[in-house]
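Notes for the one structure printed next.
What follows is calculated from the coordinates using simple rules that are stated; it is not laboratory data. What you see is a predicted model, and the numbers here were worked out from it, not measured in a lab. Reconstructed Cβ throughout: ideal geometry from the backbone, glycine too, with neighbour counts over all protein chains shown.
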Amino acid sequence: MSKIFGFSGNGDSCTGGSIYPNPKESSLFLPLGHRVDVYFPPCKRSRIRAPFVFSGERFEQKKRASIEVLPDECFFEIFRRLPGGQERSACASVSKRWLTLLSNICQDEFCSNSTTGYLRPEEKSIENKAEDQEIETDGYLTRSLEGKKATDVRLAAIAVGTASRGGLGKLLIKGSSSACRVTDVGLKAIARGCPSLKSLSLWNVPSIGDEGLFEIANRCHLLEKLDLCQCPEVSDKAVLAIAKNCPNLTDLTLESCSIGNEGLQAIGRCCSNLKSISIKDCPHIGDQGIASLLSSTSYVLTKLKLQALNITDVSLAVLGHYGKAVTDLVLINLPNVSERGFWVMGSGLGLQKLKSFSVTSCRGVTDTGLEAVGKGCPNLKQLCLRKCAFLSNGGLVSFAKAAGSLESLQLEECHMITQVGLFGALLNCGAKLKALAMVNCLGMKDLNVGLHLPSPCNSLRSLSIRHCPGFGNASVAMLGKLCPQLLHLDLSGLQGITDAGFLPLLESCEAGLVKVNLSGCVNLTDKVVSSLAELHGWTLEMLNLDGCRKISDASLVAIADNCPLLSDLDVSKCAVTDCGIAALAQANQFNLQILSVSGCSLVTDKSLPALEKLGQSLLGLNLQHCNAISISTVDLLVDQLWRCDILH
Amino acid sequence: MSSSSSPMQSTGRKLKLKSKDDETFEVEEAVAVKSQIFKYMVEDGVSNGPIPLPNVNGKTLARVLQWCQKHADPTITEDELNKYDAGFIDVDQAVLYDLLMAANYLNIEELLKLACMRVADMIKGKSPDEIRRTFNIKNDFTPEEEEEVRKENAWALGP
């Protein structure tokens, strides 16, 4: 039999004594109230005055009334009447049940407290302010939950906590492949607590389904941006609900979902503000959905991305006719679209506003198809073609001729293109072409084309030929003749180039080069850098010589003497030594901001004073893999150059 | 209220109620209809025999009816009523919860509001720990969950 110790003190609201029926609870270690006698460990004996009933196993529950006996609807009535956000936040932290109940109360269900009679006058005015604040929530808070930290508890806490602080505007949930603890329950809490939600992104959250999204659709009418990625449980029904209830929807992204044509049709019909849509890897979506979407949003849709879908030429035909407002178009991996699709798209003459077009891995991009696009899209400014294996030199040239407004052209892994195509494009392009890039095009060889040049391409300012192994000296020299007005030059990874090809290019450039990237051009020597410094030193701002093993101190001396504007220099893995660094430091008018000597094993601790001097203007310094620089030197630099971000 | 009844009905008719521990109460209709449940019963004419209330015990029912009586009294002033309410609801938690649940079950709006406001006032100004102590609630959050909730609601909880 347990004995009852009759301690004195008010027993009305028992703030002291054992409050945990089971002393073995781990929550025992929460701080106890000030009335507890700390030398008397909490145990089954209680200190209440109220009479209790010895009824065997019911002893624990009867010893003090707990509010937990109240059913949910009573809690609802209590929580509705909490005066403000502070009380709600405090209640949210009490227990899981309280958190769940609180988070399921909608914003408009909270009472305004004007009839309580218990409030003092000054409290009343505060309540009114809190009420106003809630009505005018702008929804500007952002929350991002990832991986293990994405849980329903956190979502419920967010739903309660953000409500009186401006409201949640943007929510991003990124699950992980292991069990994700966000379910519809959490999403429903967000829907009820955050009516001002504008942007919702759900990535890889397989436990979320239609239920959660229905609630979002019903409560969050201000939704503008929705991102559903790898949510296989979400079906057309949810999308239909969103379409009907969220008229402000402007951005929609669907990736790896079970959404089908009906969902897209509903979106097209109901979302009259839809500006941007991206659909990837949704096996149930086909021509019907795309066609109906495009025809309904003809005058509003500006950005469209279609990737890994089973659509055919029909969709492109519809696009070519109805895409009247489309400015940005991205098509990736559409195996069922053929040449005819691109031809019809271009010939439809609907894509008058198309400015930027990017195509990857579409077998339909052939000479005919691309030419039709060039002719049918008079305002096309940017074209990017990746992995278009069927485009030949002739097609590229015809396109260049047709696309009079083209400003930027980029070709990646288009292996049928050779330097014939490249030069042909440069010769035949419109007067506006400013930037040309060819990356990883294995068809490039170094045959001497032997063109007589009618006129060089004076508009080109930026030229980038990267990792095209066949590109050699003759082609580089030709480039120089064709593009005399270059400002930016990127020839990274062109291992076949030597001084013999590059020097003529430097001499042909009439305008001053501003940014030059020669990383990976292992055969270039100091001569090239000296020439560069001499001819273009007055304009040169960025120079990248990463991996140019033959570059030595002479280059650094040339740079120091001639390049007052240089702010970004990369000599990683070059053969520079302490003398070169010292030369850099001694230069006048030198305002280097970023310097990389990563992998330069000949740069030693002796460079410390030079680096300190350079550090006066440096914002970034890369000393990684500098084996000859000791840790103490690095530490000294880190201490002294407090403005500089040092990698080591 | 049914308008086809004779004038005597509103003052004479009584309802019989039986609590869950078999206590019976007789109460005038005018008083009983404070509860929406009884109001509909009276209107629909279903008031033969004692109405069983399996969710309310005798003690609580007595209190509730006392409250209804006071509030049905046409002669009482608003000030007196407020004073009465303040005293009425100043009870210990067990009684308070019984009253709250009874008011909810019997659908007595004003009494429910009174009881809920009392609880809300008990919550006001307290930290989560204090709330748990006041109401004898177990903290069933794991440390991680508690931290998550605290982070989102830290502004309200103070240092």
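Helix-only estimate, please: 222 nm mean residue ellipticity of the protein assembly as shown, summing -39500 (n - 2.57) across DSSP H runs of length 4 or more and dividing by its residues, to the nearest 500.
Values: 32 runs with 315 residues, N = 807.
So the calculated ellipticity at 222 nm is -11500 deg cm²/dmol.
Given a Förster distance of 25 Å, report the FRET efficiency between A:Asp328 and A:Ser464 from their Cβ-Cβ distance, rounded to the nearest 0.05.
On the way: r = 21 Å, r/R0 = 0.86.
The computed FRET efficiency comes out at 0.70.
Take every residue in peptide B:103-109, count the Cβ atoms of other chains within 10 Å of its Cβ, and give the average of those counts.
Numbers: counts 2, 6, 3, 0, 0, 0, 1.
Going residue by residue through B:103-109 and averaging, the value is 2.
Can you tell me what percent of all Cα-Cα pairs in chain B are more than 22 Å apart?
Details: 6690 of 12561 pairs.
Summing the P(r) of chain B above 22 Å gives 53 percent of all pairs.
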(request) State the Cα centre-to-centre distance between the stretch A:566-593 and the stretch A:307-326 in whole Å. (result) 53 Å
(request) At 20 Å minimum axial length over the Cα atoms and a Kyte-Doolittle cut of 0.5, report the qualifying DSSP H helices in chain B, or say none. (result) B:109-123
(request) Write down, largest first, the equivalent ellipsoid semi-axes of the stretch A:317-438 in whole Å, where each equals the square root of 5 times an eigenvalue of the alpha-carbon gyration tensor. (result) 20, 17, 12
(message) I need the shape label for the stretch A:64-108. Rule: rounded when a/c is under 1.5, else prolate if a/b > b/c, else oblate, with a, b, c from the alpha carbon gyration tensor.
(response) prolate
(message) Taking R0 as 35 Å, what FRET efficiency do you get between A:Ala308 and A:Asn428 from their Cβ-Cβ distance, rounded to the nearest 0.05?
(response) 0.55
(message) Compute the orientation-averaged projected area for the protein assembly as shown from the convex hull of its Cα atoms and round it to one decimal in nm².
(response) 48.5 nm²
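Let a ≥ b ≥ c be the square roots of the eigenvalues of the Cα gyration tensor of the stretch B:17-81; is it rounded (a/c under 1.5), or, if not, prolate (a/b larger than b/c) or oblate?
Numbers: a/c = 2.61, a/b = 1.38, b/c = 1.88.
The shape class here is oblate.
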(message) On a full-extension model of 0.36 nm per residue, what is the gain between A:Lys445 and A:Asn627, subtracting their alpha-carbon distance, rounded to one decimal in nm?
(response) 61.7 nm
(message) Which trypsin sites (Lys or Arg not before Pro) in the stretch B:18-65 sit in a loop by DSSP (not H, G, I, E or B) and have at most 14 other Cβ atoms within 10 Å of their own Cβ?
(response) B:Lys20
(message) Please give the Cα centre distance for the stretch B:105-159 versus the stretch A:475-517, rounded to the nearest Å.
(response) 72 Å
(request) Among the listed pairs A:Lys96/B:Lys34; A:Lys174/B:Lys124; A:Lys237/B:Lys39; A:Lys96/A:Lys305; A:Lys174/A:Lys237; A:Lys237/A:Lys305, give every one whose C-alpha distance is greater than 32 Å. (result) A:Lys96/B:Lys34; A:Lys174/B:Lys124; A:Lys237/B:Lys39; A:Lys96/A:Lys305
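Using a Förster radius of 30 Å, what is the FRET efficiency between A:Thr142 and A:Ser276 based on their Cβ-Cβ separation? Nearest 0.05, please. Let's see the in-between values first.
Details: r = 20 Å, r/R0 = 0.65.
Efficiency computed from Cβ-Cβ geometry: 0.95.
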(request) List the extent of the Cα atoms of the stretch A:215-310 along each of their three principal axes, largest first, rounded to whole Å. (result) 33, 32, 18
(request) Mind checking A:79-85 for the average number of partner chain beta-carbons within 10 Å of each residue's beta-carbon? (result) 5
(message) For a quick check: sort B:Met41, A:Met444 by the number of other beta carbons within 10 angstrom, fewest at the front.
(response) B:Met41, A:Met444
(request) Using the Karplus curve 6.51 cos²θ - 1.76 cosθ + 1.60 with θ = phi - 60°, work out ³J(HN,Hα) for each residue of the stretch A:431-441 in order, rounded to whole Hz, and write x for Gly and Pro. (result) 6, 9, 5, 9, 9, 9, 9, 10, 10, 6, 9
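May I ask you to list the chymotrypsin sites (Phe, Trp or Tyr not before Pro) in the stretch A:502-603 that are in a DSSP loop and have at most 15 other Cβ atoms within 10 Å of their Cβ?
Numbers: sites: A:Phe502, A:Trp538, A:Phe590; in loops: A:Trp538, A:Phe590.
When the chymotrypsin sites (Phe, Trp or Tyr not before Pro) of the stretch A:502-603 are filtered for loop state and at most 15 Cβ neighbours within 10 Å, A:Trp538 remain.
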(request) Return the loop-located trypsin sites (Lys or Arg not before Pro) in the stretch A:403-493 (DSSP other than H, G, I, E, B) with at most 15 other Cβ atoms within 10 Å of their own Cβ; answer none if there are none. (result) A:Lys432
(message) Take A:Ser358 and A:Gln485, extend 7 Å from each Cα along the Cα→Cβ direction, and tell me the distance between the two endpoints in nm.
(response) 2.7 nm
(message) Quick check: pseudo-label points 7 Å beyond the Cα along Cα→Cβ at A:Gln586 and A:Ser455, how many nm apart are they?
(response) 5.0 nm
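Which net charge results for the neighbourhood of A:Cys429, defined as the other residues with beta-carbon distances under 12 angstrom from its beta-carbon, given Lys and Arg at +1 and Asp and Glu at -1?
On the way: positive: A:Lys401, A:Lys432, A:Lys434; negative: A:Glu407.
My count for the surroundings of A:Cys429 gives +2.
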(request) Pull out the extension gain between A:Ser347 and A:Glu534, defined as 0.36 nm times the separation in residues minus the alpha carbon to alpha carbon distance; nm, one decimal. (result) 62.2 nm
(request) For A:Lys445, list the lysines whose Cα falls under 21 Å from its own Cα; do not include residues on the same chain fewer than 8 positions away. (result) A:Lys387, A:Lys481
(message) Checking the a/c ratio against 1.5 first, then a/b against b/c, what shape does the Cα gyration tensor give for the stretch A:441-566?
(response) oblate
